[in-house]
Amino acid sequence: MFFTLVNHLTTDTLTSLIGFGAELVLCATIVVILLARMFHFTERIDSTWIALLGSLAALVVLSPLAPWDISQQPAQMVAIGNLPRVELFTGMLVYDGFGVVIKTLMIVFLLLFFVLTKLTSAHRSQDSPDFTTLVLGATVGMCLMVSANHVLMVFLAIEMASVPSYAMVAIRRVDRKGSEAALKYAVYGAAAAGVMLYGISLLCGVLNSAHIPTMAMKLSEMSAAGMTGAEITILVMASLMILVGLAFKLSAVPFHQWCPDVFEGATAEVGAFLSVASKAAALALLIRVAVGLGCVESAPLPLAANTHGEAKAALFNVADEKQPAVEEAAEVTSETKSLQPVQTFLGLIIAIMAAVTCTFGNLAAFAQTNIKRLLAYSTIAHAGYMMMAVPPILALASKDVAAAGECAGYLALYIAVYLLMNLGAFAVVAYVRDCTGSEEIRDYAGMIYRNQSIAICMTILLVSLVGLPPLAGFVGKFAVFAGVARGYLATGETYLAILLAVGCVNTAISLFYYLRVVKVMTIDPVDEETAPMHRSPGILQLGYLWCVTAPVLLLIVGWDSLNVWIQAAVRGLIS
Amino acid sequence: MDNVAFLIVISLIFTPVVGAIALLFLPAENKSLLRWFTLAVTLLVLLPTLYIALPGSSVLSFQTDTANIQDVIQVAWIPSFDIQFFLGIDGISFPLLLLTALIAFLAMGASWTIDKHVKSYCVLYLLLLAGMMGVFMSLDFFLFYIFWEVMLLPMYFLIGVWGGPRKEYAAIKFFLYTLFGSVLMLIALLMLYFNSDLRQLSAPQLAAAHVAAWDDAGERLSPEAFKTRIDASEYPVHTFNILALQQLGQHSEVFDQALLWGKSIQWWAFLLLFIGFAIKVPSVPLHTWLPDAHVEAPTPISMILAGVLLKMGGYGIVRICYPICPDAGYDLVWVVCSVGVFSMVYGAFAALAQKDFKRMVAYSSVSHMGYVVLGLGVWSATAGNVFDPISWSMGVKGALFQMIGHGISSAGMFFMVGVIYDRVHHRDLNQFGGLYGKMPIYTAMAMLLFFAGLGLPGLCGFIGEAFVVLSVWKLSGTLAVISAAVVILTAAYILWAIQRVYLGPEYKGPHPEALTEITWRETLIALPLCVLAVVLGVFPSLMFRYLDKTVDQQVADLTEWTEQVKLPQLRAQQAEADQDVAANQP
């Protein structure tokens, strides 16, 4: 018995490693950076270059166009549409197309991010290896968030992503504002994590498992058998508490207060990292948890190495452990129906949160005078838009699984677009800080006369954040709204119609504050109070900015291929 | 269609874009080069359009004997969302296309007075032109939406940077209003898309709607082959093709399912689209952006705004609202017509009260565009009434002609106001007078254009108004009387303005020394507008020859729908109600 177990574990772990390759490469990069400091001859190598190489290697290992199918022996590269959903490490993680897409986006972002830190002056000090290590560590955590399949993993991943982030905010030791922001962030994060952990323990206690697909099975059984009032209370409490932890990462209202302060205190580069990579991971995690608990159909296949499942049963020692297999079609349909209250509850609560977050973010942004605070509120609003993609997935899951999967793809499309435009906007903030030393919106006055490239790119990026065609932001918004509209028309849930209306009206009102920045840059004249530009950004900086802006401008021409790739990847998310 | 024709049609949109990119590489200091270059680009848009308008070319000339879409360009664009790059011209869009190209050319001529940041101005101007041409040519709803929005940002800057004292306020107000309208349009677009189902259409209908699909080898499928393919599909086949949506709206029940509060999908879609388009038209009470935008915008932009942009609202209503959602259009006929009449009356009274010359012209636009909404809204059948498609067709034609006529007269009026504003730098109606003595040629042209705006018989404004007012009689005598009475108000504010500005003994306002006769450049801009105002007034058939077939066809389709679908429904409801009444009688 013991040897069988060890045997299974070994095979399982070894097979799983390939699916975990990108994370492993990132970890190895961290080790290399740390080791490099120890030797005299490698000490002077800039750690950012190592990190860039490491991220590139991670991207190659991940191989987004033809990822490794590890359910075959030996693992083979297959088209992303044919990638099966499998569990890694005895069910701790899940490896599927959706995860590959989001991880790809994050690693691409990481590459662009490291290039940006090379081009700006904020992170050039001798702390640079520390900073790089923290960024890589946080990214590993985020990759784990994207592929979590077990609530313990959810918690660990969130912590692994958060703790380096706290330190990144405080990386400039002389900056008191940064330290204050980091403290706020850490305290807030710790509290949210505590509440979440409590919620997790409640949920696991009621459902007798911490493995998300097993929990969903148990939940559907309980739901089919009829739940008592006490059980419902506990489940609702537990899910709300877990949502607190997720909402903190998403900076969703009412757990958003840290966001503007942290963005203001941290450098613009760290702001870019937190607003893009961290949001992408949190949204992916939201999908993993919400869809994982809400749909039995979303259960991944166990890895080929231990299909018989006895090893796992032994491991978890759960009395009524039952592997959710897709073949049990008849049973699944009845379970599908029985989970509908759960889906409606989760969908409704996420929808309310999304609507409130979006509206609040947009309204609060009106009054901002600091560009980083403005972008922080804009990030909050965009988190709201992205969360809007989740309720239709849940609503459609029991009606039309193909459509539900496509809705998840729309979210990934939004994330892809958002990555570029927000990175660009923060890059502009970093350049302007380097050139003028100011981060106030009024010091952007007359930017069009002072530096045309910055003004034009920033205008394009901000208008794209509004979501106006023909810029890329529209593609994302269109996709997410299309998902909501589709969910509404297919299910007739009125709350989705309200969500759609809220989203659309928000688009219109968000115009006002983005355009205010544009107005300051293009229409307002430079006066003596405007902070002077000590130097102008170099050709490399501007080239980088145009490289980020050009796709935003041109994506409309060819977003079909991006959409096709994403849709192929998410096809198996719910089946 | 051969390659040359393909290139020429597509160049109507992309010439300005290429021109804008080319402008970026020209030196910013050489202002006259920039202006002449931009003028040449607008001419390059105008000439092919005129060439299409003239008979004689076998491949390109506009075919006036067919109601169908011509010069079709159809390329797969975003297959994963069934979006195509689908352009085409028919009798509804072509006159507006002609108007756009002409006004854009003339307004560029009027842009010589712009002296600040000429390069950026020209780039934005050309992007705006591309957007306008695209809106009138695109037949894919998604593409239409993109072009619709493409215009907003250039317009914001054109008002916000080159405008008058309150330019920033006016620009953001314009932007917010229009964006609000377009997000409503976006909701309607998604609703229609996800409810559309091409499987409901027969092969001939698919062919008529230019529904295209390509097989793996890139060969275009025949309608029959496509029909077989989609019939095999398990899921609905969605489409953004406006023509296919029209067919679905008229020949299937896909948009009839109840949505919210007992109203059908098409009812909601119609309402959202109508609000979106009414903001653009603009109709009272959604018009308040227009006077601000007009007053603050520089003269050429006012010309574009009044001459072209307002027409997009009307175009959207006739192209999208009615053919796709006929049932809702029928039910909401009173709403639409009342909005139209109310705009006419309110706009006329507001114009009467203005002291600012340009604001007065702006409110006259609100009033005149009310005719367009009224004419499009006329649906001369209510339950039990005599059904009369003739007056209906008259209303639509009148509305479309009114759009052209107003495009010419209002662009002319704004230009004329701009001419004196350039000289004396104020627009206060009460401080003018006696311009006739100092600028006789200018005054003659201005009065001609103002009379055209007034709707004097023999000038272009008359035909549209007369057609619309006549068509309303069958629907409602009251509305017809009110709309006819508005003509008196119009005459009042225009004649009063002419009296205060051009007549009178002498000019007493500031800068009297600057009042010099109109220059040759200004004459060249005003002259075509004056000539067109007269020619279209005397020979309206010049425009109707493009309109007739397509409008007749559209009205015939909707008449058929009314007779075969709507009237039986209404009669059945009536009979049911009668039965109820009879049953409840003691």
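Being in contact with a Pro (Cβ under 7 Å, 6 or more places away or on another chain), more than 29 Å from B:Gln246 (Cβ to Cβ) and not in a helix (DSSP H, G or I), is that true of even one residue in region B:349-369?
no
What is the residue count in region A:543-564 for residues that are touching a residue at least 12 places away in the same chain (Cβ under 8 Å), closer than 30 Å to A:Asn149 by Cβ and out of contact with any Gly (no Cβ under 9 Å at 6 or more places or on another chain)?
1
Let me spell it out: the conditions are (1) at negative phi; (2) of a type outside the set (S, T, N, Q); (3) not in a helix (DSSP H, G or I), and B:Gly131 meets all of them except one. Which number is the exception?
(3)
(1) at pLDDT 90 or above; (2) under 20 Å from the mean Cα position of the chain (by Cα); (3) among the small types (Gly, Ala, Ser): which one isn't true of B:Ser393, the others all being true?
Of the numbered conditions (1) at pLDDT 90 or above; (2) under 20 Å from the mean Cα position of the chain (by Cα); (3) among the small types (Gly, Ala, Ser), the odd one out for B:Ser393 is (1).
If you check A:Ile50 against the conditions, is it touching a Pro at 6+ places or on another chain (Cβ under 7 Å) and at pLDDT 85 or above?
It is false that A:Ile50 is touching a Pro at 6+ places or on another chain (Cβ under 7 Å) and at pLDDT 85 or above.
Can you find a residue that is touching a Ser or Thr at 6+ places or on another chain (Cβ under 9 Å) and within 29 Å of B:Val345 (Cα to Cα) anywhere in region B:210-223?
Looking through region B:210-223, none of the residues is touching a Ser or Thr at 6+ places or on another chain (Cβ under 9 Å) and within 29 Å of B:Val345 (Cα to Cα).
Table: residues versus (1) acidic (Asp, Glu); (2) assigned to a helix (DSSP H, G or I); (3) surrounded by fewer than 16 Cβ atoms within 10 Å (Cβ to Cβ); (4) more than 14 Å from chain B (Cβ to nearest Cβ).
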site: A:Pro537; (1), (2), (3), (4): no, no, no, yes
site: A:Thr549; (1), (2), (3), (4): no, yes, no, yes
site: A:Val552; (1), (2), (3), (4): no, yes, no, no
site: A:Leu555; (1), (2), (3), (4): no, yes, no, no
site: A:Ser561; (1), (2), (3), (4): no, yes, yes, no
site: A:Ala568; (1), (2), (3), (4): no, yes, no, no
site: A:Gly572; (1), (2), (3), (4): no, no, no, yes
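Given the conditions (1) surrounded by 14 or more Cβ atoms within 10 Å (Cβ to Cβ); (2) over 33 Å from the mean Cα position of the chain (by Cα), which single one is not true for B:Ser264?
Condition (2) is where B:Ser264 drops out.
Can you tell me which residue within region A:471-503, out of those that are over 23 Å from the mean Cα position of the chain (by Cα) and of a type in the set (Val, Ile, Thr), is farthest from the other protein chains (Cβ to nearest Cβ)?
Among them, the one singled out is A:Thr491.
Residue-by-condition table, conditions (1) among the β-branched types (Val, Ile, Thr); (2) modelled with pLDDT under 90; (3) surrounded by fewer than 16 Cβ atoms within 10 Å (Cβ to Cβ); (4) assigned to a helix (DSSP H, G or I):
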site: A:Ala186; (1), (2), (3), (4): no, no, no, yes
site: A:Ala191; (1), (2), (3), (4): no, no, yes, yes
site: A:Tyr198; (1), (2), (3), (4): no, no, no, yes
site: A:Leu202; (1), (2), (3), (4): no, no, no, yes
site: A:Pro213; (1), (2), (3), (4): no, yes, no, yes
site: A:Ser223; (1), (2), (3), (4): no, yes, no, yes
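Give just the number: which of (1) touching a residue at least 60 places away in the same chain (Cβ under 8 Å); (2) over 22 Å from the mean Cα position of the chain (by Cα) does B:Ser222 not satisfy?
For B:Ser222, the exception is condition (1).
Every residue in region B:225-260 that is free of Cβ contacts under 8 Å to residues at least 60 places away in the same chain, part of a loop (DSSP other than H, G, I, E, B), closer than 19 Å to A:Ala490 by Cβ and among the hydrophobic types (A, V, I, L, M, F, W, C), please.
Across region B:225-260, the qualifying residue is only B:Val254.
Residues of region A:59-98 being of a type outside the set (Ser, Thr, Tyr), in contact (Cβ under 8 Å) with a residue 60 or more places away in the chain and not in a loop (DSSP other than H, G, I, E, B), which ones?
A:Ile80, A:Gly81, A:Val86, A:Glu87, A:Leu88, A:Phe89, A:Gly91, A:Leu93, A:Val94, A:Gly97, A:Phe98
Examine region B:97-114 for a residue that is in contact with a strand residue (DSSP E or B) (Cβ under 9 Å, 6 or more places away or on another chain), buried (at least 22 other Cβ atoms within 10 Å of the Cβ) and modelled with pLDDT of 85 or more, and state whether such a residue exists.
yes
Within region A:421-470, can you find the residues that are within 14 Å of chain B (Cβ to nearest Cβ), within 17 Å of A:Leu375 (Cβ to Cβ) and not in a helix (DSSP H, G or I)?
Residue satisfying the conditions is A:Gly467 alone.
Looking at B:Leu192, B:Leu186, B:Leu176, can you tell me which residue is under 20 Å from B:Gly316 (Cα atoms), in contact with a Lys or Arg (Cβ under 9 Å, 6 or more places away or on another chain) and either within 11 Å of chain A (Cβ to nearest Cβ) or hydroxyl-bearing (Ser, Thr, Tyr) (or both)?
Within the list B:Leu192, B:Leu186, B:Leu176, the selection yields B:Leu186.
All but one of (1) in a helix (DSSP H, G or I); (2) among the small types (Gly, Ala, Ser); (3) modelled with pLDDT of 70 or more hold for A:Ala252; which doesn't?
Going through the list (1) in a helix (DSSP H, G or I); (2) among the small types (Gly, Ala, Ser); (3) modelled with pLDDT of 70 or more, A:Ala252 breaks only (1).
From the list B:Pro204, B:Pro165, B:Pro154, pick out the single residue that is surrounded by fewer than 18 Cβ atoms within 10 Å (Cβ to Cβ) and in a helix (DSSP H, G or I).
Unique residue meeting the criteria: B:Pro204.
B:Tyr156 is checked against (1) under 23 Å from B:Leu273 (Cα atoms); (2) more than 9 Å from chain A (Cβ to nearest Cβ) and fails just one. What number does that condition carry?
Looking at each condition in turn, B:Tyr156 falls short on (2).
From the list A:Ala148, A:Ala157, A:Ala161, pick out the single residue that is of a type in the set (A, V, I, L, M), in contact with a strand residue (DSSP E or B) (Cβ under 6 Å, 6 or more places away or on another chain), over 29 Å from A:Ile539 (Cβ atoms) and buried (at least 24 other Cβ atoms within 10 Å of the Cβ).
Exactly one of A:Ala148, A:Ala157, A:Ala161 is of a type in the set (A, V, I, L, M), in contact with a strand residue (DSSP E or B) (Cβ under 6 Å, 6 or more places away or on another chain), over 29 Å from A:Ile539 (Cβ atoms) and buried (at least 24 other Cβ atoms within 10 Å of the Cβ), namely A:Ala157.
What's the number of the condition A:Asn506 fails, among (1) within 14 Å of B:Val183 (Cα to Cα); (2) more than 7 Å from chain B (Cβ to nearest Cβ); (3) free of Cβ contacts under 8 Å to residues at least 60 places away in the same chain?
(3)
The values are calculated or read from the model by the stated rules, or taken from the named source; none is laboratory data. As the structure is a prediction and not an experimental result, all values here were calculated from the model. Cβ sites come from the backbone with ideal geometry, for glycine too, and all protein chains shown count toward neighbours.
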